[in-house]
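Visitor: I have a structure here, written as structure tokens, and I will follow up with some questions on it.
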Amino acid sequence: EAGVAQSPRYKIIEKRQSVAFWCNPISGHATLYWYQQILGQGPKLLIQFQNNGVVDDSQLPKDRFSAERLKGVDSTLKIQPAKLEDSAVYLCASSLGSPVVYEQYFGPGTRLTVT
Amino acid sequence: AQSVTQLDSQVPVFEEAPVELRCNYSSSVSVYLFWYVQYPNQGLQLLLKYLSGSTLVKGINGFEAEFNKSQTSFHLRKPSVHISDTAEYFCAVNPGNKLIFGAGTRLAVHP
């Protein structure tokens with residue numbers, strides 16, 4: 001089966017610009033996650049969707065970050081305006097269901113550099 | 001609040017030697033525990049998980065981990081490593097329906 005797809009793989013922008021990332025989860029996976037992985041740290045959950053509804057966005061900086069999952073399939077994560085500290089790898093993952101016992105499958109990530 | 005501490009940021013080891021990557025967690029309730037591996041320029045892949053039952057958990061690629069409730073540890077072991085095991089390894093714990101990851105341990109296998 002096809003894995004989680006993400007694009008672009010790399011993005012370089014200047015601070016105060018906007019950027020968007022796209023994720024296509026594994027077919028049939030109801031739950032979708034966006035993580036931020038800063039260099040030298042483990043992934044940190046930004047937002048979790050169950051179908052097209054938000055389950056947890058407690059760590060999403062809502063003044064600059066937004067995410068949507070229209071029709072419960074693809075998802076986009078946007079940053080506007082970007083700050084230097086947003087430089088990180090943004091990982092998308094999906095799973096069959098919300099309970100953590102369901103394995104999360106990760107995409108290759110988008111590496112964002114903010115200059 | 002739950003948290004995960006990976007005691008070693010880097011572990012160098014020679015090929016065919018045994019390795020142990022250490023993970024300690026803090027939680028006031030029962031938890032599930034996970035180990036993920038991240039190869040260069042790739043996403044994370046599940047190595048193994050502890051949900052309940054036997055405290056010795058076997059995973060993919062010859063890795064195993066032992067859940068020790070009294071020491072709140074979940075150390076990852078492999079009896080003989082290969083060059084291809086060079087990667088970043090993350091321990092994770094769940095509070096509710098999400099995962100909290102440790103900072104990672106970089107395993108470097110040398111010939």
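The values are calculated or read from the model by the stated rules, or taken from the named source; none is laboratory data. None of these values were measured; they are calculated from a predicted model. Methodologically, a virtual Cβ is constructed for each residue, glycine included, from the backbone with ideal geometry; neighbour enumeration extends over all protein chains shown. Heavy atoms of the whole protein, side chains included, go into the accessibility calculation; ligands, DNA and RNA do not. Shrake-Rupley method; radii C 1.70, N 1.55, O 1.52, S 1.80 Å.
Visitor: So which residues in region B:15-46 are of a type in the set (V, I, T) and farther than 26 Å from A:S95 by Cβ, if there are any at all? Break it down into steps so the answer makes sense when it comes.
Guide: Quick first cut of region B:15-46, residues of a type in the set (V, I, T) only: B:19, B:29, B:31, B:37.
Selection gives B:V19 alone.
Visitor: Any idea which of B:T105, B:T72 is within 14 Å of chain A (Cβ to nearest Cβ) and either of a type in the set (S, T, Y) or open to solvent by 50 Å² or more (accessible area, probe 1.4 Å) (or both)?
Guide: On the way: B:T72 fails: within 14 Å of chain A (Cβ to nearest Cβ).
Step by step, each of B:T105, B:T72 is checked, and only B:T105 is within 14 Å of chain A (Cβ to nearest Cβ) and either of a type in the set (S, T, Y) or open to solvent by 50 Å² or more (accessible area, probe 1.4 Å) (or both).
Visitor: Those residues that are within 17 Å of A:E68 (Cα to Cα) and more than 8 Å from every other protein chain (Cβ to nearest Cβ), I need them from region A:39-53; list them, please.
Guide: Pass one, region A:39-53, residues within 17 Å of A:E68 (Cα to Cα): A:45-53.
Correct list: A:L46, A:I47, A:F49, A:Q50, A:N51, A:N52, A:G53.
Visitor: Which of the residues spanning region B:55-69 are in a strand (DSSP E or B) and open to solvent by 40 Å² or more (accessible area, probe 1.4 Å)? Full working, then the answer.
Guide: Quick first cut of region B:55-69, residues in a strand (DSSP E or B) only: B:56-58, B:64-68.
Correct list: B:L56, B:K58, B:E64, B:E66, B:N68.
Visitor: Could I ask something else about it? Checking the conditions here, which among A:Q6, A:Q36 is at the interface with chain B (Cβ under 10 Å from one of its Cβ atoms) and either surrounded by 14 or more Cβ atoms within 10 Å (Cβ to Cβ) or not in a loop (DSSP other than H, G, I, E, B) (or both)? Don't jump to the end; show me each part of the working.
Guide: On the way: A:Q36 fails: at the interface with chain B (Cβ under 10 Å from one of its Cβ atoms).
A:Q6 is the lone residue from the list that is at the interface with chain B (Cβ under 10 Å from one of its Cβ atoms) and either surrounded by 14 or more Cβ atoms within 10 Å (Cβ to Cβ) or not in a loop (DSSP other than H, G, I, E, B) (or both).
Visitor: Consider region B:75-102. How many of its residues are among the small types (G, A, S) and away from chain A (no Cβ under 14 Å)? Outline the logic, then answer.
Guide: Within region B:75-102, the subset among the small types (G, A, S) is B:80, B:84, B:87, B:92, B:96, B:102.
Still in the list and also away from chain A (no Cβ under 14 Å): B:80, B:84.
So the count comes out to 2.
Visitor: Select the strands (runs of 3 or more DSSP E) contained entirely in region A:67-115, then report the ones holding at least 1 residues which are crowded, with 22+ Cβ neighbours inside 10 Å and within 8 Å of chain B (Cβ to nearest Cβ).
Guide: By residue number, A:88-95.
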